[in-house]
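One structure is given below, encoded as structure tokens.
The values are calculated or read from the model by the stated rules, or taken from the named source; none is laboratory data. Only a predicted model underlies this, so the values are computations on that prediction, with no experimental measurement involved. Glycine gets a Cβ as well: all are built from the backbone with ideal geometry, and neighbour counts include every protein chain shown. Accessible surface is based on the protein model in full, side chains and every heavy atom, while ligands, DNA and RNA are left aside. Shrake-Rupley method; radii C 1.70, N 1.55, O 1.52, S 1.80 Å.
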Amino acid sequence: VQLQASGGGLVQAGGSLRLSCAASGSFGTNNAMGWFRQTPGKQRELVAEVYSSGRTLYADSVKGRFTISRDNAENTMFLQMSSLKPEDTATYYCRIVNPTGIAYWGKGTLVTVSS
């Protein structure tokens, strides 16, 4: 299983970015895809998760500002980030968990929000 994240970059506070994560390989149809983020010295934290059923889960800090979605036909996941804040600055990682609970991670994409 391979995950390729893209879409990170530098944006001013209040701006928007859209992250994408393309998955390839065998990971089952009943899975969970999610975005996590990490800053130096801190633990990786959940940003949002979307299940193959369409159910979504968001961290309180991003509710109302970020929207997670997925295209099951293309095995791609997206994170639309709006009203970005400097504290959203982090390396963002995508993850997929297969039906047996095995997690696969992609390489991160850096998001920098300037004040």
For the structure I just gave you, tell me whether V11 is modelled with pLDDT of 95 or more, more than 11 Å from the chain's Cα centre (by Cα) and not in a loop (DSSP other than H, G, I, E, B). yes
Just to be sure, is A13 open to solvent by less than 60 Å² (accessible area, probe 1.4 Å), in contact with a helix residue (DSSP H, G or I) (Cβ under 7 Å, 6 or more places away or on another chain) and of a type outside the set (S, T, N, Q)? yes
Would you say G15 is in contact with a Ser or Thr (Cβ under 9 Å, 6 or more places away or on another chain) and within 30 Å of S115 (Cβ to Cβ)? yes
Checked the range 1-10 for anything closer than 19 Å to Q80 by Cβ, hydrophobic (A, V, I, L, M, F, W, C) and open to solvent by 60 Å² or more (accessible area, probe 1.4 Å); matches are L10
Listing of strands (runs of 3 or more DSSP E) fully contained in the range 20-115 that carry 2 or more residues being open to solvent by less than 20 Å² (accessible area, probe 1.4 Å): 32-38, 45-51, 66-71, 76-81, 90-97, 109-114
Would you check which residues across the range 47-105 are small (G, A, S) and closer than 17 Å to G28 by Cα and list them? S52, S53, G54, A73, G101, A103
